[in-house]
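Everything on this sheet refers to the single structure shown next.
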């Protein structure tokens with residue numbers, strides 16, 4: 001796993017900022033790996049060069065399992081991936097099992113304005129195939145800056161925010177609400193409530209096993225406190 005460092009030093013390393021493989025991907029979208037979800041997504045996949053906003057009550061309900069088929073495809077084609085301000089500890093063995101290359105995964109454990117700055121730089125660089133960012137404090141002005149940075153580039157760009165943010169306006173062309181499914185250890189309820197084209201009235205249920213790692217087995221805990229939109233600080237412009 002890449003060592004932690006100051007954002008400014010990581011984001012200007014020449015060995016990281018090489019977008020050769022990203023340019024070769026050249027697709028407008030990347031299939032999600034779930035046929036029922038692809039049927040609802042314009043272009044039958046996650047859009048490239050635009051924000052995809054995922055809204056959830058609490059991290060660890062299966063949101064990364066939902067994204068991993070698309071991210072694994074990018075990783076297999078040699079693209080760099082970035083995780084910014086992850087809400088839960090990064091569990092390397094699970095990422096390897098999903099087919100992600102740790103050698104081309106940049107993890108930035110930053111918060112607040114630093115996280116927003118890192119995401120904007122990553123998106124505007126064109127050097128990464130995908131970025132997943134946890135931005136519970138982001139406000140509509142910051143989201144607009146990130147959407148502008150993503151336009152004209154090729155990455156998949158996922159932003160995780162609290163469910164309460166569904167009441168806010170957002171420039172993200174794709175907004176998806178995620179909830180834990182009916183079963184205790186499997187299933188994810190997915191509602192595509194904003195997309196290009198006609199809206200989707202109902203949610204779908206996707207059979208996704210949710211991660212269960214026990215601390216007494218030596219694994220890092222993946223349970224986290226719920227996002228709190230009410231306690232989030234209001235951020236000034238990036």
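Since every read-out is calculated from the coordinates, none of them should be taken as a lab result. Treat the numbers as computed from the prediction; the structure is a model and nothing was measured. Note that each Cβ is placed from the backbone with ideal geometry, even for glycine, and that neighbours are counted across all protein chains shown.
Cut-off is 10 Å between beta-carbons; in what order do 193, 158 appear when sorted fewest neighbours first?
On the way: 193 14, 158 25.
Ranked by crowding around the Cβ, least crowded first: 193, 158.
Order of 137, 65 from fewest to most other C-beta atoms within 10 Å? If you can, show how the numbers build up before the last one.
Numbers: 137 22, 65 18.
Going from sparsest to densest Cβ surroundings: 65, 137.
For segment 29-217, averaging the sequence separation of C-alpha pairs within contact (under 8 Å, six or more residues apart) and dividing by the residue count gives a relative contact order of 28 percent.
Per-peptide packing, taken as the mean over residues of other Cβ atoms within 10 Å, places 77-87, 194-204, 122-132 in the sequence 122-132, 77-87, 194-204 from highest down. Ranked for footprinting exposure by Cβ neighbours inside 10 Å, fewest first, 190, 148 give 148, 190.
Find the relative contact order for segment 100-180 and round it to a whole percent, using C-alpha pairs within less than 8 Å whose residues are 6+ positions apart. Each step should come with its number before you reach the end.
Values: 76 pairs, mean separation 24.4, N = 81.
For segment 100-180, the relative contact order is 30 percent.
Can you pull the percent of Cα pairs in segment 59-165 with separation above 25 Å?
Numbers: 836 of 5671 pairs.
Tail fraction, whole percent: 15.
Each residue, residue 167 and residue 44, gets one label point 7 Å from its Cα in the Cβ direction; the gap between the two is 3.9 nm. If a spin label sat at a point 7 angstrom from the Cα of residue 189 along the line to its beta carbon, the backbone N atoms of segment 58-102 nearer than 14 Å would be those of 58.
Projected over all directions and averaged, the alpha-carbon convex hull of segment 29-217 occupies 10.4 nm².
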